[in-house]
Amino acid sequence: MKTPFVTAAALQEITARYPTPFHLYNAQGIRATARRLQAAFAWNPGFREFFAVKALPNPYILRLLRAEGCGVDCSSYAELLLARACGFSGEDIMFSSNQTPAEDYRLASELGALINLDDITHIDFLADMAGLPDTLSCRYNPGDSFSIHNAVMDTPAQAKYGFTRAQLTDGYERLLRRGVQNFGLHAFLASNTNAEDYYPVLAGLLFETAVQLHRETGARIDFINLSGGVGIPYEPNQTPIDIMAVGEGVRRAYERVLTPAGLGDVRIFTELGRYITGPHGCLVTRAIHRKHIHKEYIGVDACTVDLMRPAMYGAYHHITVAGKEAAPQDHVYDVVGGLCENNDKLAVDRPLPQIDTGDLLIIHDTGAHGHAMGYNYNAKLRHAELLLEADGSVRLIRRAETPKDYFATLDFATEFDLPR
Ligand SMILES: *Cc1c(COP(=O)(O)O)cnc(C)c1O
């Protein structure tokens, strides 16, 4: 069973003020999750979570996380600007980008961000474009496939990211020669994994690699960045990961590998996105049509531009029909949006209670990579984001787009009669 964080009665009130569709986020849930993560890594005095901005790039959310002591992980120019606008500066900002434009490096350098290089050629590129800072991190790609207890999690050999093992040694040596003093090491080897061993196994690999790099090059290892990838239970039969057990698993790897090598002061960093905000958001949409042809369809006022994951990855997002939580799930529907694309299906062959037009559907777990992945195909406008506070109050934290926003990038075209 999955229970929404908002009741049907509360939703009635919210939708009386704000038209559907919208993403709604639960401030208290996000705070509690950030605190739980910090508790799980409290054994490491230098621990810090750098929230992956791309998962939920809303300044209200970023400020909330800043108040919880989190930094931010950015990967583009505008994400850096967003971080700056929310009061993050210097080592509050991790810059983990790839195929990085020069101006992005210049801004990251101006802000004093911790820069995580994706490729060995970026050493010269960064040096030429912005100069090398005292502290730099490198992203590792071990190649082959990445397994946990013989289960293949992903195939880094096919991934575009990172340095090979040989390039790490070469890269650290080159950086040392050019005056870099402190080093970080980063890897991201599996996405949305519910394996409790993911971080501990990844940490073991990074810790051993860091010890080798330290021995080979003499580099001072300042931090190890476990990046993102910790999953959430999208499906009702899944259970949330035990983050305390994850933190404990990483601690054991730390004591086994780093401490005996004299690296007992290394800081542990994470760049989680989905884990922090994913479960604490939902997409609220209204059924506007019922269609009976070869299958049963429910047409809703949201579509794939509001939530791309089902169309893009075949991802499951649970749906609750507000006010029908206890009704028998004796209908099977495709829940669809209005794009002229047949993959615009938020759910396929989904057992649900009978849905009538006007019903509110709560699409779960859209707090990360939901609104953020939105786009304007079919000239669909992107919708609002709302924040539910612990006291039940709701505030608009991003307004819905209007046609004027759609035309804003055409405002040079005076020959057209466009709205201004
Ligand atoms: C996407 C991404 C993250 C966050 O991933 P989640 O799956 O949301 O935890 C962290 N770091 C980097 C470099 C990423 O690309």
request  = Please go through region 68-102 and pick out each residue that is under 15 Å from the mean Cα position of the chain (by Cα) and exposed (fewer than 14 other Cβ atoms within 10 Å of the Cβ).
outcome  = none
Test: Glu389 is modelled with pLDDT of 95 or more, buried (at least 20 other Cβ atoms within 10 Å of the Cβ) and touching a helix residue (DSSP H, G or I) at 6+ places or on another chain (Cβ under 6 Å) = no
message = So if I check each of Glu325, Glu341, which one is under 25 Å from Thr239 (Cα atoms) and assigned to a loop (DSSP other than H, G, I, E, B)?
response = Glu325
task = Determine which member of the set Ile319, Ile276 is within 16 Å of the ligand (Cβ to nearest atom) and under 24 Å from the mean Cα position of the chain (by Cα).
result = Ile276
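Per-residue answers, yes or no, for (1) among the small types (Gly, Ala, Ser); (2) open to solvent by less than 40 Å² (accessible area, probe 1.4 Å); (3) at pLDDT 95 or above; (4) not in a loop (DSSP other than H, G, I, E, B):
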position	(1), (2), (3), (4)
Phe5	no, no, yes, no
Ala9	yes, no, yes, yes
Thr33	no, yes, yes, yes
Trp43	no, no, yes, no
Arg66	no, no, yes, yes
inquiry  = Among the numbered criteria (1) in a helix (DSSP H, G or I); (2) in contact with a Phe, Trp or Tyr (Cβ under 9 Å, 6 or more places away or on another chain); (3) away from the ligand (no atom under 16 Å from the Cβ); (4) not aromatic (Phe, Trp, Tyr), which one does Val180 miss?
reply    = (1)
query = Which condition number does Asn58 fail, the rest of (1) of a type outside the set (Asp, Glu); (2) within 16 Å of the chain's Cα centre (by Cα); (3) open to solvent by 20 Å² or more (accessible area, probe 1.4 Å) being met?
reply = (3)
So Gly249, is it over 28 Å from Gln181 (Cα atoms), in the same structural domain as Asn182 (by TED's automatic domain parsing) and more than 16 Å from the ligand (Cβ to nearest atom) = yes
note = Of Phe188, Phe146, Phe95, the only residue that is within 16 Å of the ligand (Cβ to nearest atom), touching a helix residue (DSSP H, G or I) at 6+ places or on another chain (Cβ under 6 Å), modelled with pLDDT of 95 or more and not hydroxyl-bearing (Ser, Thr, Tyr) is Phe95
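The values are calculated or read from the model by the stated rules, or taken from the named source; none is laboratory data. Just so we're clear, the structure is a prediction, and the values are computed from it rather than from any experiment. Cβ atoms come from the backbone with ideal geometry, glycine included; neighbour counts cover every protein chain shown. Areas reflect the complete protein model, heavy atoms only, side chains present, ligands, DNA and RNA absent. Shrake-Rupley method; radii C 1.70, N 1.55, O 1.52, S 1.80 Å.
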